[in-house]
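Here's the structure we're looking at; comments come further down.
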Amino acid sequence: MGRHPALLCITLAVLAAGGCAMKTIPRQELADEKVSGVLTSLTEFRKEARLARFFDEAEVIAVYPWSFRGASGVGLAYGSGLVFDRAETPIGYTRMYQISGGPQLGAQAYRQILFFKTRAVYEKFRRSPAEFVGQLNATAAIVGYAADPSFNDEIALFTQVRGGLLLEASFSSHRYTFGAIE
């Protein structure tokens with residue numbers, strides 16, 4: 001059996017997992033240490049002057065404090081986090097799945113932040129199969145951040161590399177899922 005059937009199976013598994021509906025969780029079930037860990041990452045993002053405009057304009061922010069990616073020809077990544085309103089009150093939880101193809105080898109840990117300009121665009125993104133198609137990457141980073149955000153008029157994505165070594169020239173697809181906190 002060649003590599004292509006395996007790649008197809010992995011792709012289908014990631015997309016199926018990313019498409020699963022996430023149930024609403026009661027606020028009292030949200031662990032304080034999870035919230036404080038995500039708030040620590042939010043504080044680290046706030047230290048970046050280039051993000052000040054996004055913090056000022058965003059109505060909703062999703063923070064993924066730890067995401068992990070590994071690759072050897074095919075790359076897979078996963079991360080989870082929380083969604084906050086403008087007052088930094090947790091309003092949801094979220095998961096990120098990524099699959100990439102092309103020449104790549106290594107592993108990387110990073111954190112991400114998604115800025116939603118309006119509550120309406122967040123709600124639309126949350127309800128639909130939320131997917132970003134990534135650009136071609138060429139990365140060999142140990143510590144640093146992505147120089148250019150994935151960006152459109154309503155949503156901006158920034159990444160801070162936390163460690164690892166990943167050599168790549170790949171294309172990728174991201175899928176985000178969301179659940180509410182009540």
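The values are calculated or read from the model by the stated rules, or taken from the named source; none is laboratory data. Owing to the predicted nature of the structure, the values given are computational and were not obtained by experimental measurement. Backbone-built Cβ (ideal geometry, glycine too); neighbour counts: all protein chains shown.
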Check: Counting residues that are modelled with pLDDT of 90 or more and out of contact with any helix residue (DSSP H, G or I) (no Cβ under 6 Å at 6 or more places or on another chain), which helices (runs of 4 or more DSSP H) fully inside the stretch 1-75 reach at least 2?
Finding: 32-46, 52-57
Check: Which one is nearest to GLN160 (Cα to Cα) among residues in the stretch 78-90 that are in contact (Cβ under 8 Å) with a residue 40 or more places away in the chain and crowded, with 20+ Cβ neighbours inside 10 Å?
Finding: GLY81
Next item on the list: Give the residue that is modelled with the lowest pLDDT, with candidates limited to residues of the stretch 96-121 that are part of a strand (DSSP E or B) and closer than 27 Å to ASP56 by Cβ.
Entry: TYR110
